[in-house]
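Notes follow the structure.
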Amino acid sequence: MKKICVVGTGYVGLVTGTCFADMGNHVTCLDVDPVRIDHLNQGKMPIYEPGLEQTVNQNVRAGRLFFTTDYAAALAEAEFAFIAVGTPSGNDGEADLQYVRAAAEAIADIVDHPIIVINKSTVPVGTGDWVADVIQRRRNGKPLEFSVVSNPEFLREGSAVSDFMSPDRVVLGSLEREAAEKVAELYRPLRCTVMITDLRTAEMIKYASNAFLATRISFINEIANMCEELGADVREVALGMGYDKRIGHAFLDAGLGWGGSCFPKDVKALEHMAVLHGTQPQLLQAVMEINRNQRRRAVMKLRKALGNLNETTIGVLGLSFKPNTDDIREAAAIEIIHLLQNEGAHVRAYDPQAMENASKVMHQTVLCENPYEVAEGADALILVTEWNEFKQLDFTHLKEIMKRPVILDGRNLWDPETIRGFGFTYMGIGRGNGGLKDFE
Ligand code: NAD
Ligand code: UGA
């Protein structure tokens, strides 16, 4: 049993702390947000994440998992301090390190025993060295035995707990091998591949991984757009490509582009790093541009189908940036709704989990109780997030209550022929004549 402090109780911090507690460690999770900590102490989760609530509550009951806003209490005797605070985009696309700095300074102010500081937040290459520097300077000559380890996190929202517990790999970067090996010990119960490298390489592995995944998606979206013009089906294309072991099937689902709290900010931050250091990130720039176009193209398809969007009513199914999360950060829905409203459309929307978050930012959108309320009187429906509950809708009923039977399936969730069989005009993404061609 090790004593661990985790700073930040968001998707990464809360999951990391909970999973390490579940492996038998004594974990205190700390956050500067008192409401969040109050809720956690009452067993209420600040985020929707399958399996999380149960695991948190089990470990709290077992006396292994604690929540506090008090740095001194959280760090007392801790051998490991994980930093898992946000690193949002700054004004120029760079990663904003203010929260990482605040966490590092708080550790420097409070700790007087040997400690390993582990960066789990996604941070620009060189931040590990910078964190060591921040701590040194803050100590102002007062000695502290500490090491910095980079331990980027690869979990996905919507499957965060299971991703953490069954990682494809754990990456650890440090200039001090012994410190990295101590962190590796924490992961031993997971029996996974642990790669130990230097600090900067570990930091780059994280950005390169996210940027590569985003690139795959933009690539398949570009192919999808060609498929629409050329009469091919992108789903079959991706399937056929994926059988090649060098390519694989994952992350080749064409759709409305990638969103979320990480891909957009991380691709931007990597581009910023490249430009700052004099290299030309042409591929990354194209990857971002294709992603922006994918949203615009969806609106263009609706415009073509309806003639004009002004004074139309568009129903939106799904608001979260992907299924199984309530996170709407950089969700495709936000941008698409914004574009629709700019063209004078009235938007009605529903999401199984993200309604509370949506209500804080979508003031001009009518938020509905279910998909049928969304469809009532709508000129078109657009599926933005492929939640399971949208798989089996009553299309006969939908057709009766909609003003015009037009469906844009932004995630290729439904079978085009089945939907057409109900009397709808069906448009998908990259599905042969299910694209723009229908209206030419
Ligand atoms: P989040 O926004 O969900 O949570 C961050 C938490 O940190 C908040 O609760 C905030 O109150 C707290 N915080 C901020 N400053 C603090 C401080 N000084 N002391 C204590 N707490 C503080 O963030 P997240 O989505 O968990 O992401 C955290 C980091 O992990 C980011 O760098 C992100 O890129 C990376 N990451 C995220 C995911 C993901 O799926 N969300 C996956 C891998 C990596
Ligand atoms: C992503 C990575 O997958 C994680 O490995 C990483 O840890 C995380 O970012 C992070 O750094 O925060 P996440 O954003 O939670 O995880 O979700 P993904 O499943 O990767 O989906 C991201 C976006 O890509 C979603 O909008 C999704 O709809 C879209 N996507 C995904 C596609 O359009 N097509 C695909 O084939 C896959």
Hey, can you tell me all the residues within segment 247-262 that are small (Gly, Ala, Ser) and more than 16 Å from ligand 1 (Cβ to nearest atom)?
248, 250, 254, 255, 257
Can we say residue 316 is assigned by TED's automatic domain parsing to the domain that holds residue 401, under 19 Å from residue 429 (Cα atoms) and buried (at least 22 other Cβ atoms within 10 Å of the Cβ)?
yes
So which residues in segment 206-226 are within 16 Å of ligand 1 (Cβ to nearest atom), in contact (Cβ under 8 Å) with a residue 12 or more places away in the chain and either under 17 Å from residue 164 (Cα atoms) or not aliphatic (A, V, I, L, M) (or both)?
206, 207, 209, 210
Condition broken by residue 115, with the remaining ones in (1) surrounded by 15 or more Cβ atoms within 10 Å (Cβ to Cβ); (2) under 26 Å from residue 327 (Cβ atoms) satisfied:
(2)
Condition set surrounded by fewer than 21 Cβ atoms within 10 Å (Cβ to Cβ) and touching a Lys or Arg at 6+ places or on another chain (Cβ under 9 Å), scope segment 27-57, selection farthest from residue 320 (Cα to Cα): answer is 38
Residues that are within 12 Å of ligand 2 (Cβ to nearest atom), at least 1 per element: which strands (runs of 3 or more DSSP E) completely within segment 112-228 meet that?
170-174
Does segment 73-91 contain any residue that is farther than 27 Å from residue 159 by Cβ, under 26 Å from the mean Cα position of the chain (by Cα) and surrounded by fewer than 20 Cβ atoms within 10 Å (Cβ to Cβ)?
yes
Limited to segment 273-312, what total is found for residues that are of a type in the set (Ser, Thr, Tyr) and touching a Gly at 6+ places or on another chain (Cβ under 6 Å)?
0
If residue 157 passes every condition in (1) touching a residue at least 60 places away in the same chain (Cβ under 8 Å); (2) more than 21 Å from residue 77 (Cβ to Cβ); (3) away from ligand 1 (no atom under 16 Å from the Cβ) but one, which one does it miss?
(3)
Leading residue by the ranking (surrounded by the most Cβ atoms within 10 Å (Cβ to Cβ)) among those in segment 141-159 that are of a type in the set (Asp, Glu) and over 15 Å from residue 175 (Cα atoms):
157
Lone qualifier among 15, 32, 6 - being assigned to a loop (DSSP other than H, G, I, E, B) and at pLDDT 95 or above:
32
Go through the residues of segment 188-208 one by one and say whether even a single one is over 25 Å from residue 15 (Cα atoms), among the hydrophobic types (A, V, I, L, M, F, W, C) and not assigned by TED's automatic domain parsing to the domain that holds residue 116.
no
Residue match in segment 344-357 (condition: crowded, with 21+ Cβ neighbours inside 10 Å and among the aromatic types (Phe, Trp, Tyr)):
yes
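The values are calculated or read from the model by the stated rules, or taken from the named source; none is laboratory data. Only a predicted model underlies this, so the values are computations on that prediction, with no experimental measurement involved. Please note: Cβ atoms are built from the backbone with ideal geometry, for glycine as well, and neighbour counts cover all protein chains shown.
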